[in-house]
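S.K.: Sharing a structure here in C-alpha cells format.
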C-alpha cells in the first residue's frame, strides 16, 4: 500500500492509492495516541494482547516504511492527497471508485468516511488499527467518534451532518 506517484491505468490502481491514503491517516492517529498515552504500553483487549510497538509495526507495514513522526506523516498525507486530486483531475474519465462520491452527492468528510470503511473491508489489517485506536478489539470498524478524530480537519464539514442520519430520528 505504498503511496507513490500513481498512474491510474486501472480502477484497482486508484483504489490502492486511496487505501494508502487511509493507511497514512490512521498512522497519524496512531502516532498521536501513542504520544498521549506514552509509548510502550501493553493492553489486553478481549484477551488479545495489543502492544504499541505491534501497532506501530503494523502501520509501518501498511505505509511500507518505518513509522515516521506525526509532522512528517501530516506532510506526506497532504502531498499525497494533492497528488491524488491532481491526477484525478488530469484524467479524461474518473476511475469508477472516484465517481461514487459525486454520484451520491457526498461531502468531503462523507467521502473520507466511505473510503475508510471501504479500505477496512478490503484490508482487514486496517480494522486492527481502528480497534487499537478505540482501545477495543471488538470494534475493528469506524465509529462516528473515531471519524471525528480522524477527519476533524477535513474541509467542507459533513461529519456533524452524519449524526442525524444515523440517529433514531434520522432518515
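The values are calculated or read from the model by the stated rules, or taken from the named source; none is laboratory data. As the structure is a computational prediction, the values presented were derived from the model and not from experiment. Don't worry about glycine lacking a Cβ; one is built from the backbone with ideal geometry, like all the others, and counts go over all protein chains shown.
S.K.: Out of 82, 24, report the one residue that is more than 17 Å from residue 131 (Cα to Cα) and modelled with pLDDT of 90 or more.
M.R.: Result: 82 is the single residue among 82, 24 that is more than 17 Å from residue 131 (Cα to Cα) and modelled with pLDDT of 90 or more.
S.K.: Condition check: surrounded by 15 or more Cβ atoms within 10 Å (Cβ to Cβ), modelled with pLDDT of 90 or more and farther than 19 Å from residue 147 by Cβ. Does residue 76 satisfy that?
M.R.: yes
S.K.: What single numbered condition from (1) in a loop (DSSP other than H, G, I, E, B); (2) at pLDDT 85 or above fails to hold for residue 125?
M.R.: (1)
S.K.: Now for a different question. Mind checking which residues of the stretch 100-122 are closer than 17 Å to residue 24 by Cα and not in a helix (DSSP H, G or I)?
M.R.: Scanning the stretch 100-122 gives no hits.
S.K.: Which members of the stretch 82-99 meet the condition of being surrounded by 15 or more Cβ atoms within 10 Å (Cβ to Cβ) and assigned to a helix (DSSP H, G or I)?
M.R.: 83, 84, 87, 88, 97, 98
S.K.: Just checking, how many residues over the stretch 106-142 are farther than 15 Å from residue 19 by Cα and more than 12 Å from the chain's Cα centre (by Cα)?
M.R.: Selection size over the stretch 106-142: 13.
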